[in-house]
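Report on one structure; see the data block that follows.
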Amino acid sequence: AVLIRELDAAVEQEQFMLLFQPIVRLSDGRLTGVESLIRWNHPTRGLVPPIDFIPVAERTGQIVAIGRWALRQACRQGAAWLAEFPGEAPLQVGVNVAGPQLRDPNLVADVAAVLAETGLPAGSLVIEVTETAVLDDEQSHATMIALRALGVKLALDDFGTAASSLGLLLTCPVNSLKLDRSFVESITTVSRQAAVATAVSQMAAALEFGSVAEGIETEEQRDLLRGLGYEYGQGYLYSRPVPPERISELRVRGL
Ligand code: G
Ligand code: G
Ligand code: MN
Ligand code: NA
């Protein structure tokens, strides 16, 4: 297990790095955005995957400091791409924000400060929150409203996996839903998965949320999800999470 003081050292010494996974428009396969995904480059253990330290950091509260680093780094990178590809539609940059971060009273001020510091337009930042983080929590709701007021976009991540009620969608101020990859995994063979994916797509459209399908690994899954009306997609079919230079290369190649 990860030690708390190791994580403190990691924050202090900036032992983290961000990878970026492409998000594409399903109708034409164009790159429209990225999701930033943190990695911990531990001095002796090597690359530690998020599953081995994010849950710990959420329990200890260290996720707030880690998340602040990730937010700044992602916005810096987003601004760098803007400067690198001035004529093109700006990439949407997704940043995962965990429950304790959303409940941090400084989050909105931090986001505003980072946008001002990096020059990334607020509309290029997409904050990804989970159902669990926003459920039944007035403070989180107020925070999301304040983020929207800054012009930042919000996405409901891992949609369909938490014990959320559909009523959440009536009040949750998000711009888009990200269908969890567990519903995509067997979508071409398990008709019940396809039924759920269909219902989510129709509901997203009716409620005027954008829709993103996660975990697309095959062309069959892509074709099916595109047919169901999913606007955007993400998954190994397109690309694994990659270093920022690889995203630049994709842009150079006209994706
Ligand atoms: O990249 P990977 O599949 O290993 O990510 C696993 C999980 O770690 C993701 O579901 C994501 O929610 C979480 N995660 C990745 N990067 C960040 C980050 O920068 N901040 C937070 N809070 N969670 C992250
Ligand atoms: O929970 P969140 O959506 O933030 O997590 C994204 C995670 O999903 C990342 O860790 C990423 O590596 C992983 N991921 C992205 N695309 C695929 C995929 O096509 N298949 C699988 N199995 N995992 C994926
Ligand atoms: Mn995510
Ligand atoms: Na997800």
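Throughout, read-outs are computed from the coordinates displayed, never taken from laboratory work. Keep in mind that this is a model prediction, so the values were computed, not measured. Quick reminder, even Gly has a Cβ in these numbers, built from the backbone with ideal geometry, and neighbours come from all protein chains shown.
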Looking only at Pro55, Pro121, Pro22, which one moves most when the chain is put into a Gaussian network model with springs between Cα atoms under 10 Å? Pro55
Test item: Cα-centred dipole of region 4-249, Lys/Arg +1 and Asp/Glu -1 on Cβ, debye: 100 debye
Using only the C-alpha atoms of the chain, find the volume of their convex hull and express it per residue in Å³. 134 Å³
Mean separation of Cα contacts under 8 Å, 6 or more apart, over the residue count of the chain: relative contact order %: 19 percent
Among Ser239, Ser211, Ser191, which one shows the biggest mean-square fluctuation in a GNM of the chain, springs joining Cα atoms closer than 10 Å? Ser191
Please compute the Kirkwood hydrodynamic radius over region 201-255, one decimal place, Å, based on all pairs of different Cα atoms. 12.5 Å
Farthest positive-ward along the chain dipole, Cα basis, beta-carbon charges - from Pro244, Gly94, Val108: Pro244
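Please go through region 63-151 and write out the trypsin sites (Lys or Arg not before Pro) that DSSP classes as loop and that have at most 16 other C-beta atoms within 10 Å. Don't skip to the end; give the middle numbers.
On the way: sites: Arg68, Arg72, Arg76, Arg103, Arg148; in loops: Arg103.
Loop-located and lightly packed - Arg103.
Taking the Cβ of Ala70 as the centre, find all other residues whose Cβ is under 14 Å away and add up their charges (Lys, Arg: +1; Asp, Glu: -1). Mind dumping the intermediate values first?
Numbers: positive: Arg39, Arg68, Arg72, Arg76; negative: Glu14, Glu35, Glu58, Asp104, Asp110, Glu128.
Value of the local net charge: -2.
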Toy charge model, Lys and Arg Cβ at +1, Asp and Glu Cβ at -1: region 15-84 dipole around Cα centroid in debye, rounded to 20, equals 140 debye
Can you give me the distance in nm between label points at Ala83 and Ile51, each placed 7 Å from the Cα along the Cα-to-Cβ direction? 3.7 nm
Environment charge of Gly227, counting only residues whose C-beta is closer than 13 Å and scoring Lys/Arg +1, Asp/Glu -1: -2
Give me a comma-separated list of calculated 3J(HN,Hα) values for region 165-170, in order, Karplus coefficients 6.51, -1.76, 1.60 applied at θ = phi - 60°, integers in Hz, x for any Gly or Pro. 9, 5, x, 3, 5, 6
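I need to check one value: relative contact order of region 160-223, counting alpha carbon pairs closer than 8 Å and at least 6 residues apart, in percent. If you can, show how the numbers build up before the last one.
On the way: 62 pairs, mean separation 25.4, N = 64.
RCO, region 160-223: 40 percent.
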Counting sequence-distant residues (5 or more places) and residues on other chains, those with an amide H built under 5 Å from that of Val242 are Phe20, Gln21
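Taking 0.36 nm per intervening residue step and subtracting the Cα-Cα distance, what contour gain separates Ala163 from Ser182 on full extension? Walk me through the numbers on the way to the answer.
Details: separation 19, 0.36 × 19 = 6.84 nm, distance 1.47 nm.
Extending this stretch completely gives an extra 5.4 nm.
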Largest fluctuation, Thr218, Thr171, Thr60 only, Gaussian network model of the chain with Cα springs under 10 angstrom, belongs to Thr171
Cα pair distances in region 153-255, grouped into 5 Å bins until the bin that holds the longest one, percent each: 3, 12, 22, 23, 17, 13, 7, 3, 0
